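Colleague: Please see the structure below; I have some questions.
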């Protein structure tokens with residue numbers, strides 16, 4: 001049975017929210033994000049003394065009549081940002097777990113909707129193998145967004161993904177003009193840190209979202225089991241195991257998972273990137289936006 005979170009009620013509940021992007025990003029003219037630079041909006045910000053070459057039309061003549069010095073009026077600047085959403089399309093993200101796939105797509109769609117609703121541009125980058133496909137191009141406006149989402153719901157999850165290569169080889173990532181989000185379970189041998197470093201070098205705001213099923217967060221296996229790697233088509237793959245699960249193994253897995261999450265968080269903190277973890281058994285809106293508020297990405 002197909003699982004989907006995307007409906008009119010879901011998107012209508014998002015309309016009061018907005019993504020909180022850094023003020024040191026440059027972006028494009030015509031958006032709604034206030035930045036540190038001064039611009040051409042109607043909202044007054046400050047004064048500064050006139051310098052040779054300045055536009056004399058911006059001189060405040062009332063101040064000149066009082067101080068006999070030329071001062072320019074400065075106004076706030078608002079920019080349009082580009083929100084890029086990299087979605088891991090590997091088999092572990094949904095080949096055998098339709099709910100996890102739907103949760104990942106719902107998360108990507110929610111963030112994309114917030115972007116276009118607040119007059120930003122967005123794009124969905126589908127990471128497959130060592131490349132990132134861009135099937136919809138740059139999306140501006142809700143009509144284009146909903147057309148893309150209807151196709152995104154039919155996406156298939158398969159094989160493995162090299163996050164580092166997929167992100168760094170993606171053209172047109174932009175420089176300093178918005179937010180890049182990577183959605184994955186990060187159960188990978190690929191160098192995802194390479195992707196974060198590259199995006200930071202490009203002066204983009206970065207957010208990593210880890211999505212896990214309850215079975216991955218707290219597996220309840222015991223006794224003799226066959227563990228099959230869903231990202232391998234080779235039955236003889238050394239990652240496929242026939243083992244007896246013991247309590248010691250469960251504790252070791254729990255500790256390894258904690259260490260992995262701690263490593264991701266520590267690395268992201270060192271790079272000024274955001275990181276949150278979501279479990280698919282939690283309400284997607286409460287989980288996603290509650291965590292985004294904690295890391296300062298939601299306003």
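Where a number appears in this text, it was derived from the coordinates with a stated rule and is not lab data. These figures come from a predicted structure and were not determined experimentally. Neighbour counts are summed over all protein chains in view; Cβ atoms, including those assigned to glycine, are modelled from backbone coordinates with ideal geometry.
Colleague: Measure off 7 Å from each Cα along the Cα-to-Cβ vector at residue 154 and residue 13, then give the distance between these two points in nanometres to one decimal.
Modeller: For the pair residue 154/residue 13, the computed spacing is 2.8 nm.
Colleague: Please find the FRET efficiency linking residue 130 to residue 65, where r is the Cβ-Cβ separation and R0 is fixed at 45 Å, and quote it to the nearest 0.05.
Modeller: After rounding to 0.05, the efficiency reads 0.10.
Colleague: Note down the nm distance, to one decimal, between modelled labels 7 Å out along Cα→Cβ at residue 57 and at residue 175.
Modeller: My value for the distance between the label points is 3.1 nm.
Colleague: Per 0.36 nm of contour for each residue apart, how much would the distance between residue 142 and residue 218 grow if the chain were fully extended, relative to their Cα-Cα spacing?
Modeller: So the chain would gain 23.5 nm between residue 142 and residue 218.
Colleague: Take residue 191 and residue 203, extend 7 Å from each Cα along the Cα→Cβ direction, and tell me the distance between the two endpoints in nm.
Modeller: 2.5
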